[in-house]
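What follows is a short report on a single structure.
Every read-out reported here was derived from the displayed coordinates using simple, explicitly stated rules and does not represent laboratory data. Quick caveat: nothing in here was measured; it's all calculated off a predicted structure. Using ideal geometry, Cβ is built from the backbone for each residue, glycine included, and neighbour counts are taken over all protein chains shown.
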Amino acid sequence: VDAFQAWCGPCQTVVDLFRNIRNEVGGDLLHFAVAEVDSIDALEKHRGRCEPLFLFYSGGEQVAVVRGANAPLLQKTILEQL
């Protein structure tokens, strides 16, 4: 999940990276979403930060977090979680 605030918007570069990885590994294993933290109470603790935040979930539980738009780290985390 690309968790963002309305004033800075989702990270389009990373959304493109996610799409590429999803195409490589297949759509059944990997799902991406964007979420505006200002409008989701469960993400309230992530408000007020000026950095991209990527939350990874499996089976309804958060399993990893990546802060910042670090494409190599994001790709590594995605592949490790799969």
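The length gained on full extension between residue 23 and residue 75, counted as 0.36 nm times the residue separation minus their Cα-Cα distance, comes to 17.4 nm. When the convex hull of its Cα atoms is viewed from all sides, the chain shows a mean projected area of 5.1 nm².
Here the chain is treated with +1 on each Lys and Arg Cβ and -1 on each Asp and Glu Cβ, and its dipole about the Cα centre works out to around 200 debye. The modelled label-to-label distance for the pair residue 16/residue 47, using points 7 Å beyond Cα in the direction of Cβ, is 3.2 nm.
When the helices of the chain are scored as -39500 (n - 2.57) per DSSP H run of n ≥ 4 and the total is divided over every residue, the value at 222 nm lands at -9500 deg cm²/dmol.
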